[in-house]
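The structure appears below as structure tokens.
Taken together, the values in this text are just the output of simple stated rules run on the coordinates, not laboratory data. Bear in mind that the values here come from a model prediction, so they are computed numbers and not experimental data. Positions of Cβ are generated from backbone atoms using ideal geometry, with glycine treated the same way; all protein chains shown enter the neighbour counts.
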Amino acid sequence: MAEISHGFAAALSSLKGGDFLSSSDLTSKQSVALLELANQLKKGPERIDLGNRVLGLIFTKASTRTRVSFQVAMARLGGQTIDLNPKVSQLGRGEPLEDTARVLSRFCDALAIRTYKHSELESYAKWSSIPVINALTDLEHPCQALADFLTIKEAFGSLQGQTLAFVGDGNNVAHSLMICGALLGVNVRIGTPKGFEPLSAIVAKSRDLALAGAKIELTNDPFEAVCDANAVYTDVWASMGQEQEQSLRKDAFKSFCLDKKLLSVASPEAIVLHCLPAHRGEEISEEVLESKSSRIFDQSENRLHVQQALLAALLGGL
Ligand code: CP
Ligand code: NVA
């Protein structure tokens, strides 16, 4: 690798062999270095060769972006993925996680896991001898957050001192944005209806990690959250596993739709983000999703670039 990995070599090589379960598994330096490497991989013809290494994908929830971006990332890096969907493995017939993790560690070089309980992901990490990557749990979505901050960096050139407003549910996506934002020196404002705030332990952790005075703020007023923000982000009101709460949530969240009126109080240059999939007319209006301010599809593409950087670092391909 060229300059980037020289400048950030120590931070990137310190990730080799580790897990990525939470945004807080990275230091500020490691987060910055991964974004720099992702940016370089996006721009240039840099070649990293992972020498046919294999990433196992264990997804117990649906996925388009995360699954495909991991598959393409490994292909681009000269590696491969294996689909270990529990429906087609012995996991689905009750083989213990402890056994599965130890066996897969003998075949694969890393595992990317999407599941409900974060504690299940932690158990995989405990029983595996290879890197385990969080491809989304009910608690966090750390790969998504890296792509989101790469998108904000592309729009404004720098991250420190920018303000990101997230409106909607204080969910997995909000949690990782708070932690990762704190590490990168971004002010993060979370606007949720009462009763849907992010977990207080994550708020406390983010505030502890906040770099250079970055503020982590909560409000129950969507307009207060978005006021003068540089980036405005939303996500579905009912996450995977909460489908039965859909109609109750529609009611509770109705004043949190990211529409033209709400966006009008943001900075005039503000960009709009959404991790997708989106429910048009619920958490975001069609008009805002398709507007010039929207960077939503760049954000989606950036999943590929940051995951290439992450895999290269965790698998020691630099
Ligand atoms: N944003 C995201 O994680 O999308 P998928 O559920 O399609 O992977
Ligand atoms: N919060 C959403 C994100 C989907 C990418 C969910 O967990 O379903």
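Values as computed for the structure displayed
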item: Dipole magnitude of the chain about its Cα centre (Cβ charges: Lys, Arg +1; Asp, Glu -1), debye to nearest 20; result: 540
item: Around N171: net Lys/Arg minus Asp/Glu count, Cβ-Cβ under 10 Å; result: -4
item: Relative packing of 70-76, 238-244, 54-60, which averages over residues the other C-beta atoms within 10 Å, highest first; result: 54-60, 70-76, 238-244
item: Among C227, L34, I152 - extreme Cα towards positive end, dipole of the chain, charges at beta-carbon; result: L34
item: Computed [θ] at 222 nm, deg cm²/dmol, the chain (DSSP H ≥ 4; -39,500 (n - 2.57); rounded to nearest 500); result: -12500 deg cm²/dmol
item: Percent of Cα pairs exceeding the 15 Å cut-off, where the set is region 65-149; result: 61
item: Computed log₁₀ I(q)/I(0) - Debye formula, equal Cα scatterers, no solvent, region 274-318, q 0.21 Å⁻¹; result: -0.70
item: For region 145-205, alpha-carbon Rg relative to the globular expectation (2.2 N^0.38 Å, N residues); result: 1.08
item: Alpha-carbon gyration tensor eigenvalues x 5, square-rooted, for region 1-146, Å; result: 27, 16, 14
item: Rg to Rh quotient for the chain, alpha carbon positions, Kirkwood Rh; result: 0.96
item: Rh by Kirkwood over Cα pairs, then Stokes-Einstein D for region 102-175 at 1.002 mPa s and 20 °C, µm²/s; result: 152
item: Space enclosed by the convex hull of the alpha-carbon atoms of region 132-238, per residue, Å³; result: 96
item: Links that overshoot a 21 Å alpha carbon limit, given the list K194/K254; K29/K61; K16/K215; K42/K205; K29/K215; K61/K87; result: K29/K61; K16/K215; K42/K205
item: Relative counts (whole %) of C-alpha pair distances in region 28-89, using bins that are 5 Å wide; result: 4, 16, 19, 21, 20, 13, 5, 2
item: P(r) tail fraction, region 253-294 - alpha-carbon pairs more than 13 Å apart, %; result: 48
item: Relative contact order computed over the chain (Cα-Cα under 8 Å; 6+ residues apart), in percent; result: 21
